[in-house]
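Here's the structure we're looking at; comments come further down.
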Amino acid sequence: MAMSLSSFLLSISFFLTAVYAATVTYDFDVSWVYANPDGVYNRPVIGVNGKWPLPPITATKGDRVVVNVKNSLGNETTSLHFHGLFQFGTNHMDGPIQVTQCPIPPGGSFTYNFTIDQPGTYWYHSHTKGQYPDGIRAPLIVHDPDSPHKDLYDEEIVISFSDWYHGMMGPLLTDFISIRNPSGAEPVPNAALVNDTQNLTVSIQPGKTYLVRMVNMGAFAAQYVWFEGHTMKIVEVDGIYTEPTEANMLYMTAAQRYSVLITAKNSTDANFAFVGSMDQDLFDVVPAGLNPNVTGWLVYDEKKEKPAAKEINAFEPFDDFTLVPEDKQGILDKVDHSVTLDMKMDNLGDGANYAFFNDVTFVRAKVPTLYTVLTSGSEATNPVIYGGNTNQILLKGNETVEIILNNNDPGKHPFHLHGHEFQVVSRSEDEAGAYISDSSMPPTPMRRDTVLVRPNGHIVLRFRATNPGVWLFHCHIEWHVASGLVATIIEDPLTLQAQLAGKIPANHLQACKDSNTPSEGNAAGNTKNLLDLTGQNKSPSPLPAGFTARGIVALVFSCLAAFIGMAVIGQYGMAPVKAKTG
Amino acid sequence: MPNVFAVPVFFICFRECLETSIIVSVLLAFLKQSLGPEHDAAVRKRLVRQIWLGVILGLFICVVIGAGLIGAFYKAGKQAFDAAEFLWEGIFALIASIIITLMGAALLRVNKMQDKWRTKIAKALEDKDSSPLPLTGRLKRWCQKYAMFLLPFVTVLREGIEAVLFIGGVGLGLPATSFPLAVICGLLAGAVIGYLIYKGGNRTSLQIFLIISTCFLYLIAAGLFSKGIWDFEAHAWGKIAGEGALEAGSGPGSYDIRKSVWHVNCCTPGSKGDGGWGVFNSLFGWQNSATYGSVISYNLYWLVIIAGFLMLGYKERSGHWPLQKPAAVAEDVQSQSDGSSGVGEKKQEGAATSNVREIQA
């Protein structure tokens, strides 16, 4: 009787999910193809199923998404991260290599399988060794039948913005983290793209209102975005619905998303340019001849001319800090766990420039950190086992967490937290120094998953640790990921074990075997004594401080040589005088 | 301080002025001896005036030539040098080091210099009487009449131009503002020492003074030699690291870690505000960022200097170079050891020094 009842309930629940949720399956054969998106330089790019640009992933809230990845690159490993998705209960589908999975080796296959319960504008990209700027990135759109704004627009448009390099990431990274680049100057992009092309035309019908979903999927450059003759009404940032807010110009850092409502004009008299303009403040040296802008057009009438974008006097972008979420979630004012991260750039003993959180630069662990959690039993709550260079932060379940980030660097940095959205409760202007206190925090702070911290300023972020998992917190400038501006948040590891121990799919573990990556034990791959980190991956040693032994020896010898030399000169100089007197 | 006072320039002026004042003192002494009180006071006065006129005119022409050369250099060359600053500074530092090295030893033999010039002048005056000159009678007579003018004029001109060339070589890498004070101080010090020699004061204390200044001279030269190598390495590093190396100031990235022996992020010579370290640099060759090249070259320099002076001393005592048969003393080699005078007079000078040795022995 009980059996039949449970099977009855099961069939009902199956029926319900079948009604509300579909399974969306994508088969991605990842391989090299050639592309020339800026019309200047044809180069190898990472495509999917022989094509580039990559197809956007689209789903409806509640859908299960299955992405079957086959790595046909031949010479590189890969992985996919679905940027902004919480991956609740599916931490192993998050994508960063050596964090939640092993790299997918050439020839290997790997399945990402998760449900999406959050609406909005997202994107997916490789999370393997600075790989995505070679082209493996695209928007991921989650439609919402229950959107509070669904009656405000007629149609949807997706526009991606990106910087673009003519060089391949492999050699660019080698040159970037190198003794030849002691100041850590990031390679400057060669062009800006919109929807992976330039001079894009978007057909517009007069009188209609459009929901324009915008994604910056660049490697480095933030972009100013504006539409000539039209105002934008922001209704979503990074998957969070906001109260509709007017803006003339946006500042989109790498990895940020905005949905805006744009109402078309009632006449077809003219077409209008829209512009993405890379923020050149980020560039160490702006090369001569760089065009930082990419232009597209809202086309009302194809027969009419497409006017060149007008020069503007100044960039005056909208300040996203003032946005109010639609759900008016109140500020998390009782902080259980406050973490301070002081970031800086400095050089290490190999002469190259690295990025540091609290004086530690991130180096990938030998074992993916999630697998360390799952194979360490009760030791999982001991931060030591996660190694000396992973910047691990252990969180207890359900605590309210605050991250204070002090930017001790004269650059702008967009910080991204995996697996969460966070409240931005404080953000300073440029040069404000370290965070002390803020008495004017907003009652309903903006939430998003990627936020800009200004030069030598600070940000304070808050979130609740309700999503057990291993989540990266990192700067989304891909160069800075490579130079180590990454922290590993290990959230409620014991609950995570209960969720996932023994449930890692066989094809995930196969990737470890095929890529010779250990999948058990501490950060050094030691399974017997978890506190023994011998052989772990370490950053280069620090620069020698001032006078070391060889410096002292050299100085002593130099002084000695000078004194002996002067003694000989003196002896020679006195000789004839003696001869005369004697 | 290095922007106001170029130490190497000071020593060059000092040394050349000393040599000039010795010539003048020899000439004045010569007049005193050959035209005793029994001679016409008016004639003596006229001849003394001729000497001073020659000196002043010679000096004046030198100053004009020197100012012209240096001015032209700063106007035309500075921009070209800015492009590869370290490379040029390195080349100039090496040139300066070699110049100072070669002329430094002579400073210790100032009394020998006095004897040398006495012989030279005596010879010149004798020659004038005996040798048949291919000149017309009038010119010959004019030359005889104004010998006391021509001799100091020509020698001052020669020494002065030498000084100008030396200063040019040493000072090309230095800022123009560092010249005047150093030149004036050098000239004054040289004149004072020259006067003391003329008066024939305490020779031993004078000799000690000269030894100390020679030691400083070689400290400077060693520092310049090391700095030359350091500059070449800095130039190479600039080519590798580009903008980043300049951006780093004195911090990490401003130097090639692979070649570093020590590095402190302070105490940089030459930068604004660290004046004391600049003096330290020009006197002792201090670097806040020492490299294998700069340390080894510094020690190697001293090794060569030590060996050189030991050999010079040996030769003066035994009359020949070490490991050389006493008979095989070549005049050319001898004149090199003196190293103070121009090429044109090599032969004569060699004879002069050997004369002096005979006198001394």
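No lab work stands behind these numbers, since they all come straight from the coordinates. Everything numeric in this text was worked out from a predicted model, so none of it was measured. Methodologically, a virtual Cβ is constructed for each residue, glycine included, from the backbone with ideal geometry; neighbour enumeration extends over all protein chains shown.
Couple of notes before you dig in:
- Estimated FRET transfer efficiency when R0 is 45 angstrom, pair residue A:263-residue A:541 (beta carbons, to 0.05): 0.15
- Pairs from the list A:61/A:344; A:503/A:528; A:233/A:306; A:396/A:503; A:328/A:396; A:70/A:233 with a Cα-Cα gap above 31 Å: A:61/A:344; A:70/A:233.
- Using the Cβ-Cβ distance between residue A:555 and residue B:185 with R0 = 35 Å, the FRET efficiency computed as 1/(1 + (r/R0)^6) comes to roughly 0.70.
- Each of B:43, B:54, A:347 was placed along the dipole of the protein assembly as shown (beta-carbon charges, centred on the mean Cα), and the one lying farthest toward the positive end is B:43.
- Placing unit charges on the Cβ atoms only, positive for Lys and Arg and negative for Asp and Glu, gives the stretch A:149-325 a dipole magnitude near 340 debye about its Cα centre.
- Estimated dipole of the stretch A:18-148 in Debye, rounded to 20 [Cβ of Lys and Arg +1, of Asp and Glu -1, Cα centre]: 220
- Here, P(r) means the percent of Cα pairs in each 10 Å bin from 0 to the largest distance; for the stretch A:18-148 it is 13, 44, 31, 11, 1.
- Averaged over the residues of A:56-68, the number of partner chain Cβ atoms lying within 10 Å of the residue Cβ comes to 0.
- Residues of the stretch A:235-268 with amide N under 19 Å of a point placed 7 Å along Cα→Cβ from residue A:303: A:266-268
- Each label point was placed 7 Å from the Cα along the Cα-to-Cβ direction; for residue B:208 and residue A:350 their separation is 5.9 nm.
- Residue A:329-residue B:264 FRET efficiency (beta carbon distance; Förster radius 60 Å; 0.05 resolution): 0.70
- Partners for residue B:239 among aspartates and glutamates (Cα-Cα distance below 17 Å; same-chain residues under 8 apart left out): A:175, B:82, B:85, B:89, B:231, B:247, B:256
- Quotient of C-alpha Rg and 2.2 N^0.38 Å, computed over the stretch A:149-325: 1.11
- Fully extending the segment from residue A:40 to residue A:313, taken as 0.36 nm per residue of separation minus the present Cα-Cα distance, adds 95.4 nm.
- Of the chymotrypsin sites (Phe, Trp or Tyr not before Pro) found in the stretch A:491-582, those in coil by DSSP whose Cβ has at most 16 other Cβ atoms within 10 Å are A:547.
- Its Cα centre serving as origin, chain A has a Cβ charge dipole (Lys and Arg +1, Asp and Glu -1) of approximately 1700 debye.
- Counting neighbouring Cβ atoms within 10 Å and putting the fewest first, the residues B:97, B:25 line up as B:25, B:97.
- Kirkwood analysis of the Cα pair distances in the protein assembly as shown returns a hydrodynamic radius of 34.2 Å.
- Legend: P(r) of the stretch A:468-529 from all alpha carbon pair distances, 5 Å bins from 0, whole percents, reading 4, 14, 13, 21, 24, 17, 6, 0.
- Unit charges at the beta carbon, dipole of the protein assembly as shown: most positive-side option, B:105, A:499, A:400: B:105
- Here the label points at residue B:303 and residue B:195, each 7 Å from Cα along the C-beta direction, are separated by 4.6 nm in the simple model.
- Rounded if a/c under 1.5, otherwise prolate or oblate - the stretch A:337-514, Cα gyration tensor axes: oblate
- Cα-based reach from residue A:334 at 13 Å (exclusive), listing aspartates and glutamates while leaving out same-chain residues under 8 positions away: A:399, A:402
- Chymotrypsin sites (Phe, Trp or Tyr not before Pro) restricted to the stretch A:253-361 and DSSP loop, no more than 16 other C-beta within 10 Å: A:315
- Listing A:158, A:212, A:33 from fewest to most neighbouring C-beta atoms within 10 Å gives A:33, A:158, A:212.
- Gain on full stretching of the segment that runs from residue A:342 to residue A:408 - 0.36 nm per residue minus C-alpha separation: 23.1 nm
- Neighbour-count ranking [beta-carbon atoms within 10 angstrom, fewest first] of B:233, A:305: A:305, B:233
- Residue (of A:103, A:148, A:132) at the positive-pole extreme of the stretch A:8-165, dipole from beta-carbon charges: A:103
- Kyte-Doolittle at least 0.0, axis length at least 24 Å by Cα - qualifying DSSP helices, chain A: A:2-20, A:549-581
- Inter-probe distance in nm under a simple model that places probes 7 Å from Cα toward Cβ, at residue A:27 and residue B:296: 6.3
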